[in-house]
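Let me begin by presenting the structure, written as structure tokens, before commenting on it.
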Amino acid sequence: MKNDKQWYVLSYPMGSEESVLEYCINKLEQLPQESIAVLPEYIAYTVENGNKALEQLKVTAISKKISIMTTINMIPIDLPYMENNRNYNTLIIITKEGKIHTPQAKITPQSFERVQYDEKFPKMNVADYHYLNKVELHINNEVKTAIFIICSDVYTLMAGVEKVKDLHADFCIVPGNFGIGAEAAVRRVLTRFRDAGIFKTTIFSNPFQQLKKSSHKPLVQEACDFITSSNQNSLQLSDWERIELLKRNVCIYPDQQVPSFIHMASLTKMGQGRMTVSMSRLDVDVHINQYEKKVIL
């Protein structure tokens with residue numbers, strides 16, 4: 001757990017939906033009042049458990065007077081441009097008063113998120129999304145802009161958004177669930193965007209795996225990053241360098257060759273670590289908009 005006064009970036013151990021939710025609720029209950037907690041994506045990765053998780057998180061937010069950010073597989077409450085009755089890997093922001101916002105959904109779901117290739121793997125079947133909706137955060141009478149990049153949507157920082165200047169925000173918040181190795185790629189990309197002055201602060205949360213044998217290698221590596229740029233002079237980021245970042249940090253794969261998270265994690269160790277994007281989401285055209293509601297934390 002790392003924090004910057006009010007912010008707490010948390011992780012959780014991979015496991016069943018029930019065990020992950022229980023672990024996260026326990027961690028959240030230990031936070032001081034007025035905290036803002038950021039958790040990795042998918043506190044609930046099936047629709048069946050999504051509403052249950054949302055309700056428990058809301059109860060915790062109200063009782064502990066904290067705000068919570070994570071993602072859930074659910075039909076969103078107020079997601080701009082959503083398709084009717086479609087479930088998404090949905091960003092949720094729950095305020096300390098229990099107000100629920102769903103301003104963003106994942107743009108680049110992995111192959112196994114979009115399609116259940118085998119019944120032995122979880123049924124997620126989330127819809128694709130096409131927008132990055134900047135959020136106005138009101139924190140202690142200050143107004144900050146935030147852009148939420150859900151896991152592999154880090155790809156859209158390098159491709160899909162035509163003008164890099166349109167990404168400017170005070171906070172870039174990344175609730176992730178990256179296979180081991182990919183966390184290094186995420187950090188390389190976020191560092192370059194901070195150095196370019198695109199983001200002032202980047203927040204990155206990723207789960208970890210508890211191993212029964214120390215000789216085994218984990219599928220995921222913990223991240224609880226809260227990093228604010230100290231650069232006085234920003235280093236301009238060109239479109240050519242964005243392409244170079246993509247080439248170094250992203251692995252593109254044919255959808256049907258990756259039917260599960262385990263299959264995906266076999267790719268993230270490539271080179272010095274790579275995040276993965278399925279071919280079905282390679283040619284994304286991302287629209288940047290503003291979430292209309294104020295989020296008071």
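The values are calculated or read from the model by the stated rules, or taken from the named source; none is laboratory data. Everything numeric in this text was worked out from a predicted model, so none of it was measured. Reconstructed Cβ throughout: ideal geometry from the backbone, glycine too, with neighbour counts over all protein chains shown. Remember, those area values only see protein heavy atoms, side chains included, never the ligands or the DNA or RNA. Shrake-Rupley method; radii C 1.70, N 1.55, O 1.52, S 1.80 Å.
Looking only at residues of the range 81-122 that are at pLDDT 95 or above, among the basic types (Lys, Arg) and assigned to a loop (DSSP other than H, G, I, E, B), we find that the one that is nearest to the chain's Cα centre (by Cα) is 106. Within the range 16-31, residues that are in contact (Cβ under 8 Å) with a residue 40 or more places away in the chain have Cβ atoms under 7 Å from residues that are of a type outside the set (Val, Ile, Thr) and part of a helix (DSSP H, G or I) in these pairs: 28/64, counting only partners at least 6 apart in sequence or on another chain. Restricting the first member to the range 99-115 and to residues that are acidic (Asp, Glu), and the second to residues that are surrounded by fewer than 24 Cβ atoms within 10 Å (Cβ to Cβ), the beta-carbon pairs closer than 8 Å and six or more apart or on different chains are 113/124; 113/125; 113/126. For residues that are in a loop (DSSP other than H, G, I, E, B) and farther than 24 Å from residue 130 by Cα, tally how many sit in the range 51-80. So the answer is 2. Go through the range 190-220 and give me each residue that's open to solvent by 80 Å² or more (accessible area, probe 1.4 Å) and touching a Phe, Trp or Tyr at 6+ places or on another chain (Cβ under 9 Å). Within the range 190-220, 200 is the sole residue that qualifies.
Only one of the listed residues (77, 68) is without any contact (Cβ under 8 Å) to a residue 40 or more places away in the chain, under 18 Å from residue 44 (Cα atoms) and in contact with a strand residue (DSSP E or B) (Cβ under 7 Å, 6 or more places away or on another chain). That residue is 77. Since residue 144 meets every condition but one in (1) in a strand (DSSP E or B); (2) buried (at least 22 other Cβ atoms within 10 Å of the Cβ); (3) not polar (S, T, N, Q), which condition does it not meet? Looking at each condition in turn, residue 144 falls short on (2).
Restricting attention to the range 49-66, report how many residues are open to solvent by 60 Å² or more (accessible area, probe 1.4 Å), at pLDDT 95 or above and not basic (Lys, Arg). Selection size over the range 49-66: 5.
Being under 13 Å from residue 205 (Cα atoms) and under 20 Å from the mean Cα position of the chain (by Cα) holds for only one residue in 45, 23, 12, and it is 12.
Within the set 230, 260, the sole residue that is under 28 Å from residue 9 (Cα atoms) and surrounded by 14 or more Cβ atoms within 10 Å (Cβ to Cβ) turns out to be 260.
Of the residues contained in the range 18-29, none is found to be under 29 Å from residue 144 (Cα atoms), part of a loop (DSSP other than H, G, I, E, B), in contact with a Phe, Trp or Tyr (Cβ under 9 Å, 6 or more places away or on another chain) and modelled with pLDDT of 95 or more.
Note on the range 183-229: residues that are more than 21 Å from residue 41 (Cα to Cα) and touching a helix residue (DSSP H, G or I) at 6+ places or on another chain (Cβ under 9 Å) amount to 7.
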